[in-house]
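Nothing in this text is a laboratory measurement; each read-out follows from the coordinates by a stated rule. Model, not experiment: these values are computed from the prediction. Note that we place each Cβ from the backbone using ideal geometry, even for glycine, and neighbour counts take in every protein chain shown.
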Amino acid sequence: MSALQTIWLMTRMRLTRQRNMVLNNLFRFRKKKARDANAGKSNNLWILTLLMVGCMLFSFVHVADNAVLNMHCHLDASSACRYTDSVGDPHTDLHKAAAELAVAPFAPALMNGLTMELSILFLVAVLLPLGSKEMTQPDWDLEWLVTMPVERGTLLWGRVLERSASNISGWFALLPAFGTIAWHSGYTWSVLPIAVLSVATLLPLAALLHTVADTGLRMWLPAAQLRNLQALTGLFNMPLIYLVMALGMPQANAFAMEWARAFPAWMQWTPPGLVLQAIQAQHSGQLLSSVALLLAQIVVLMWAGMALLRHQLRHGVVNSGARESGRDAAPRALRPADAAATHSPFAFLSAVLSPLQRRELRLLSRDRNFMFQTLLVPVIVVFSQMLFNGKLNSMGELGEHHTLAAAIAFGIGVYVLMLSAFQTLNNEGHVLWLLYTVPRSLESVLKEKAQLWAVLTMIYPAIVIGVSAWYTTHFEWSMLVLVLTVAAGIPIYSMIAVSLGVFACDPLAVDARTRVRPTYVYLYMLLASFYTWSIYSNVWSQKLVVMVLIASMALALWQKARDSLPYLLDPAAAPPPRVSTADGLIAATAFFILQGIVLMVAGRMDMQALTIAFGVAGLVVYLLMRYVYWRNKAAGVPTIWRGADLRLSLRYAAIATAVACAVGLSYLAILRHSALWEELTKSAPALPGGRSWIYALAVLAAPLCEEFIFRGLIYGGLRRSMKAPQAMLMSAAVFAVVHPPLSMLPVFVLGLCTAWTYERSKTLLAPMLVHAVYNAMVLTFGS
């Protein structure tokens with residue numbers, strides 16, 4: 001084999017492996033062959049993955065663009081994009097900054113700041129692959145690559161080039177930055193080629209540094225120390241990433257800009273700075289000189305790096321002496337003092353924790369990398385984000401900004417759960433099948449793990465809230481609401497993390513790095529950001545709505561995960577289709593979205609249009625769900641009157657109607673005699689339309705559409721996982737939060753009554769009658 005053939009083969013193997021990992025985990029369009037009368041597992045994860053990749057690219061480009069504009073406003077003294085409002089608060093006009101960059105080359109101070117940004121991103125492109133799990137794998141691929149009939153120097157060049165092409169983190173880090181710099185330098189259609197060429201120029205150097213460090217560390221350190229080093233590398237990456245993000249935040253702390261201003265000017269003559277100078281070249285002579293110096297540096301650095309690699313491997317690839325020397329010759333005997341120390345805390349844990357939970361803690365203590373990621377990474381991530389974006393300057397500010405303290409507490413808890421509870425099945429590795437041999441259900445095992453991590457995770461929010469309380473000078477009831485919001489969110493997201501971890505886990509994957517599908521991690525973070533928004537909201541009804549919806553989603557995901565547990569180790573079999581809580585939540589979301597679409601098409605807002613939109617959306621959702629259930633032959637599909645006992649249905653409906661109407665009319669009477677009634681009547685929008693349309697909407701459309709979704713699907717799905725009273729409370733809460741805040745209490749009672757009638761009659765006829773009579777009664781006495 002020639003040198004070029006060898007390098008091309010190694011690069012193609014690496015890229016093919018990455019392609020197969022993506023296609024195997026995300027883009028399996030065809031179902032596997034059916035077996036045992038069960039359809040193969042379908043995988044629609046590619047839709048969610050494409051959505052996540054698009055969101056990530058958009059966010060990276062947005063951050064990179066803001067970094068260029070923000071640094072121009074802060075570092076260029078001649079810029080006029082900074083101004084002060086009437087209150088005295090400073091602001092930046094990014095549109096004016098873009099206009100200024102379009103007519104003039106970058107100022108020297110801006111060039112200095114951009115050099116710092118690109119240097120940090122280049123360092124991230126080196127450290128992220130170095131901190132991956134590949135370094136701690138017991139098998140080193142270089143040990144079998146040397147068996148190929150080629151020279152060692154060719155193998156080393158192939159290793160560097162194939163790592164350059166496959167450095168996904170490097171491409172994601174550097175490509176948006178160079179693209180936005182080229183855009184603001186005046187380039188248009190050539191932005192993408194310039195950015196690709198710039199990244200392709202720097203990534204071989206990053207791959208060389210990665211290979212030198214990886215080779216030396218593998219030759220000198222034992223596996224245990226490699227795992228520790230991997231954990232430290234992961235910890236070091238986070239502050240670097242957030243420092244780059246801070247450069248694009250107008251309200252970021254001043255020290256980030258001070259560092260950019262004080263960055264050494266000679267760094268502009270390093271490879272990242274020379275690439276920047278080439279992009280900003282104002283004439284061909286400046287461009288040629290920058291490119292020539294850049295190529296000369298790359299040639300010298302690559303030659304020196306290859307010489308160092310040859311020196312590291314001068315004695316061969318396998319250097320067992322250095323590895324074995326790091327291992328203990330024999331385990332030391334347990335001293336009496338150690339034996340006594342093991343009794344007091346562990347005796348208490350043995351009494352409190354179950355054997356499974358004690359096993360989980362023991363695994364955590366043995367895996368230092370996992371322990372570092374679980375216990376330290378969340379703290380570094382959250383506090384780095386708060387420190388660099390200017391929201392937190394000292395610990396004492398936690399006593400002044402209670403909402404920020406609650407967000408930090410919840411953020412740390414979410415990260416801990418993502419790195420712990422999310423990995424409950426993945427950490428079992430290839431011995432997951434042993435859990436199926438234990439004489440208990442796998443669902444109960446996951447419940448114990450979720451409970452353990454929820455309790456352990458609460459330690460971090462408790463510390464943050466305790467520090468905030470220590471520095472607080474006066475008490476407000478809103479603080480208690482924030483504490484309760486965080487305390488309720490941690491158990492909910494523990495359940496979500498364990499549930500998504502079931503879908504994200506691939507126990508049949510040969511490579512441990514592919515056992516967790518990252519798409520579900522991004523989905524988990526999106527759900528966490530939704531709950532974080534409710535922490536910042538000052539409206540109690542919005543907090544309640546988010547809490548109820550997230551809790552119902554957690555139950556729906558848990559139900560889906562429980563159904564999938566018996567089939568995790570079978571790549572062909574899938575759980576039989578049944579009505580689930582997730583179906584009801586999807587149907588409810590589609591129901592409200594379709595209403596908005598129909599109203600947009602109609603182009604008007606009156607009672608007639610609202611009624612038609614409500615009815616059309618309900619009919620479309622009903623037909624789609626029935627079609628999906630019919631096609632999949634699902635069990636538990638709700639029926640309206642088929643198989644109903646009319647006499648019993650009317651009896652249950654009469655009892656439930658009396659209770660719901662009594663509560664609704666009493667609430668209406670109390671509301672009429674309060675100050676809220678006058679404000680409500682004044683602020684209520686006057687929608688044109690006849691009274692007949694109002695009754696058609698409330699008495700006909702609402703009972704038919706909403707009962708199928710909230711009782712037939714949501715309550716029916718919840719009933720599979722919990723007892724009737726619990727399912728009634730949860731479905732009624734979901735039903736109440738989709739209504740206006742003032743009507744939540746009577747609507748919650750109505751939801752309980754209709755769920756009770758559905759539980760008794762087993763058909764939707766009785767709850768529809770209760771709903772229709774209740775709405776008619778409220779409209780009659782409320783108008």
Cα centroid separation, the range 757-783 to the range 462-488 (Å): 42 Å
Per the rule of 0.36 nm per residue minus the C-alpha distance, extending ALA77 to GLN282 adds in nm 71.7 nm
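Count charges around ALA654 for me, please; just the other residues with Cβ under 13 Å from its Cβ, Lys/Arg as +1, Asp/Glu as -1.
Working: positive: ARG647, ARG651, ARG760; negative: none.
Neighbour charge sum, excluding ALA654 itself: +3.
Estimate the FRET efficiency between MET371 and VAL438 by the formula 1/(1 + (r/R0)^6), using the beta-carbon distance for r and 22 Å for R0, to the nearest 0.05. Walk me through the numbers on the way to the answer.
Details: r = 25 Å, r/R0 = 1.14.
My answer for the efficiency is 0.30.
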For ALA766, what charge total do you get from the other residues with a beta carbon under 14 Å from its beta carbon, if Lys and Arg give +1 and Asp and Glu give -1? +3
Percent relative contact order of the range 166-225, based on C-alpha pairs within less than 8 angstrom and at least six residues apart? 32 percent
PHE781-LEU9 FRET efficiency (beta carbon distance; Förster radius 60 Å; 0.05 resolution): 0.15
Go through LYS560/LYS762; LYS633/LYS762; LYS447/LYS723; LYS96/LYS543; LYS449/LYS723 and tell me which ones have a Cα-Cα distance over 27 Å in this structure. LYS96/LYS543
Computed FRET efficiency, Cβ-Cβ of VAL628 and ALA104, R0 60 Å: what is it to the nearest 0.05? 0.55
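Could you calculate the contour length gain from MET267 to ARG672, that is, 0.36 nm times the residue separation minus the distance between their Cα atoms, to one decimal place in nm? It would help to have the intermediate numbers written out before the result.
Working: separation 405, 0.36 × 405 = 145.80 nm, distance 7.26 nm.
Going from the current span to full extension adds 138.5 nm.
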